[in-house]
Every structure is written in C-alpha cells, then in structure tokens.
Amino acid sequence: VINERVCEGCGDCGTKSNCLSVHPVTTEFGRKTEIHQSSCNLDYSCLDGDCPSFLTVAPGRPGRPGRSGRSEGRRELPDLAAEALPAPERRSACEDFTVRITGVGGTGVVTVAQVLATAAVIDGKQVRTLDQTGLAQKGGAVVSDIKITSEVV
C-alpha cells in the first residue's frame, strides 16, 4: 500500500519495477501513485524505488481491538478428519476430459492445472498440458489447457 500523504508522485517505484499495477492518480494533494491491488503480482519489485511512502499491511487477528480476539456471532468450524469425508464420485474410465483454466498472472492458474494433472496421473490417466504464461509477471493473461484421457496418446 502506498501512503498518499507521504507519496511525492515521483514515479520512481513504477520506473524501477516496470509494473503495470503502479498507477498515477490525481488527488487534492497533487499527482500521487497507487497500487492497483487486483492486478498486483506480489513480487514487491516496486519496493526497489527510493520512496518512504510504502506501507506493509499485515493481517491481524479477527475481532475488535480490546476484546478477547473473537468476533461476536462468529462460530468455530469443526475440524474434519480425512476419514469423515465421502469418497469422490468416479467417472467412467472411457471418458475424455478437457479443461481450459484462465486467469491473470499470480492467480494460481498454472498451480491448479498441475494439481489436476498430477491427480489424473496418480489415477492412471494419460495427461497432456500446455501452459501459456507470456506476460504473467506484468499482470497479463495466463492460460492452462489440460487434456485427460485413458487412451495412450
């Protein structure tokens, strides 16, 4: 997060990081800089800029300050043991399955694709994957295609 009251609007953070998530913004105090949180890839390259206005926000405990750390009306979720979960419904062995997973850099598209592919291999299936990561580091599109089949490809 950038503290707009401290930011001088020099743009050094954007120049050093070349990140598309660093945006200039006009405020009542003049030109400042902000981080577009939705497209930020969390590589922290913007911190390479010489700027005192950056703040690191660390999540705290849920609840209100000065209380016991628990929110009113909030209930605890029960812990589920793996044995308590039902077995997944299995598809017929002769069916093929193709999926395309899309997203923006840093959203875990490639990780999700690899988890699915690994699970299919463990299940004895044949798997082909294609990851297109191109501009992922700069907030660009990421596409992962997966084809799962029981036939030898």
## Note on the structure
For region 98-153, inverting the pair-averaged 1/r of distinct alpha-carbon atoms gives a Kirkwood value in Å of 11.5 Å
### Environment charge of Glu28, counting only residues whose C-beta is closer than 13 Å and scoring Lys/Arg +1, Asp/Glu -1
+2
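Readers should treat all values here as calculations from the given coordinates under stated rules, not as data from a laboratory. Because the structure is predicted, anything quoted here is derived from the model rather than measured. No Cβ is skipped: glycine too gets one built from the backbone with ideal geometry, and neighbour counts run over all protein chains shown.
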